[in-house]
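Note sheet for the following structure.
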There are 2 protein chains.
Amino acid sequence: MRTLPLAKVYQLLEPGPVVLLTTARKGRANVMTLSWHMMVEFEPPLVACVVSGANHSFAALRATRECVIAIPARPLAEKVVQVGNASGDDLDKFAAFGLTPVPAEQVAAPLVAECFANLECRVRDTRLVNTYNLFILEVVKAWTDPKQKQPKTIHHHGYGRFAVDGEMITLKSRMR
Amino acid sequence: MRTLPLAKVYQLLEPGPVVLLTTARKGRANVMTLSWHMMVEFEPPLVACVVSGANHSFAALRATRECVIAIPARPLAEKVVQVGNASGDDLDKFAAFGLTPVPAEQVAAPLVAECFANLECRVRDTRLVNTYNLFILEVVKAWTDPKQKQPKTIHHHGYGRFAVDGEMITLKSRMR
């Protein structure tokens, strides 16, 4: 894993990929699948996400105020769905689905070795947690895997249908 | 345009496409480009979005509490970037870039005829507007264009680079 400048984090999340979110509480790590996230600020990178109160990860995120957002590419799609279908209440999903937790640098939640990017996050604002389960996170450290070249991310359309990244186009733009 | 059940709205936004956001204030419509949005609730569909205070649309959205989220497919990519590069302060972007405003049913902001889906929205929560420019919207009416079959959306990676939807895959999933 190689450090990614925090100013570039938005380029990973803005396109809307399905991601994994890891937490760690009382020495036990968990991982869930997440599509409801967006960028909120470029730098320091702030990210909003909605984690259902029905998820095991919700309580861990609220209690520890730390998580990792790990971004999988196409070869992990089947595992990403398996993670989404299972509950951390009674299962070690890392072991069950062959994902490798790796210690992070600034948070207790683990990185996911198989993902091409990992973002260490701290909860920054909980004002909308009670109403919408909406957390505002700050990305405090970002990693990418230089061995995964031009990773194709996946985008959930509901009920297990995903669009895989296709053609990349570049248009003359003044937008960051 | 054909009505889309509100329960299906999340399938359009969850994949993270670049969208257009229209507003109307004092008889004048405007349109901007937006990538910072996410689903917050399935039904009624709630959507969070961040609209920079530097955008002409920010003041209109805050004052009128109404907007339309219009979703463009690949053929509109060049216009979407032109919209993103221009300011509504001094330009009628609909006329300038050949987009057609169409009256909505429940809000004053217009639909965009060329987009394959249009979501009429009302502002539901402004608690995070002052801190992050983050609005919570409720989708009150949704439209799709049945003539646009299997539209390919675009996903912004920064500086005018976009991933176009590629292969669609379906995996066995219990996730909605």
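Couple of notes before you dig in:
- Scanning chain A for the Cβ atom closest to the axis that brings A onto B yields residue and whole-Å distance A:G16, 1.
- Chain A: relative contact order in percent, alpha carbon pairs under 8 Å with at least 6 residues between: 26 percent
- FRET E, pair B:A7, A:L91, Förster distance 30 Å, beta-carbon r, rounded to 0.05: 0.55
- Accessible surface for A:T126 stands near 60 Å², nearest 10, in the context of the full protein assembly shown (1.4 Å probe).
- When B:K93, A:K152, A:K8, B:K149 are compared by accessible area at a 1.4 angstrom probe, the order from most to least is B:K149, A:K8, A:K152, B:K93.
- Charged-residue dipole, Cβ positions (Lys, Arg, Asp, Glu), chain A about Cα centre, Debye nearest 20: 240 debye
- Sequence-separation-based contact order of region B:1-56, relative, with Cα cut under 8 Å and 6+ spacing, percent: 31 percent
- Chains A and B together, accessible area buried on both sides, 1.4 angstrom probe, square angstrom: 5400 Å²
- Considering only A:A86, A:A54, A:A70, the mean-square fluctuation computed in a Gaussian network model of chain A, springs between alpha carbons under 10 angstrom, is largest for A:A54.
- Straight-line reach from A:K149: taking Cα to Cα under 21 Å and skipping same-chain neighbours fewer than 8 places apart, the lysines in range are A:K8, A:K79, A:K141.
- Over the protein assembly as shown, accessible surface divided per residue gives 41 Å², non-protein components excluded, 1.4 Å probe.
- By accessible area, using a 1.4 Å probe on protein heavy atoms only, the protein assembly as shown has 50% of its surface on carbon and sulfur.
- Cβ neighbours within 10 Å from other chains - mean over A:14-27: 3
- Residue among A:V129, A:V19, A:V31 with the largest mean-square fluctuation in a Gaussian network model of chain A, springs linking Cα atoms under 10 Å: A:V129
- Only helical runs count toward this figure. For chain A, summing -39,500 (n - 2.57) over DSSP H runs of n ≥ 4 and dividing by all residues gives -4000 deg cm²/dmol at 222 nm.
- Sorted from longest to shortest, the spans of the Cα atoms of region B:1-141 along the three principal axes equal 36, 34, 25 Å.
- Using a 7 Å Cα-to-Cβ projection, A:Q150 label spacings across copies, nm, ascending: 2.3
- Treating r as the C-beta distance of B:K172 and A:V123 and R0 as 30 Å, the FRET efficiency rounds to 0.35.
- Shape call, the protein assembly as shown: gyration tensor on alpha carbons, a/c limit 1.5: prolate
- Our coupling estimate for region A:114-127, obtained by passing each phi through the Karplus curve with A = 6.51, B = -1.76, C = 1.60 and θ = phi - 60°, is 6, 7, 7, 8, 9, 10, 7, 10, 10, 5, 10, 8, 10, 4 Hz, Gly and Pro reported as x.
- Between A:T100 and B:A59, the simple label model (points 7 Å from Cα in the Cβ direction) yields a spacing of 5.5 nm.
- Mean-square fluctuations from a GNM of chain B, with a 10 angstrom spring cutoff on Cα atoms, peak among B:A108, B:A59, B:A117 at B:A59.
- Per-residue mean of foreign Cβ neighbours for A:37-44 is 5 (Cβ atoms of other chains, 10 Å radius).
- Taking 13 Å as the straight-line reach from the Cα of B:K147, the aspartates and glutamates in range (excluding those fewer than 8 positions away in the same chain) are B:E114.
The values are calculated or read from the model by the stated rules, or taken from the named source; none is laboratory data. Quantities reported herein were computed from a predicted structural model and do not represent experimental measurements. Neighbour counts are summed over all protein chains in view; Cβ atoms, including those assigned to glycine, are modelled from backbone coordinates with ideal geometry. Side chains are part of the model used for accessible areas, which takes the heavy atoms of the whole protein and leaves out ligands, DNA and RNA. Shrake-Rupley method; radii C 1.70, N 1.55, O 1.52, S 1.80 Å.
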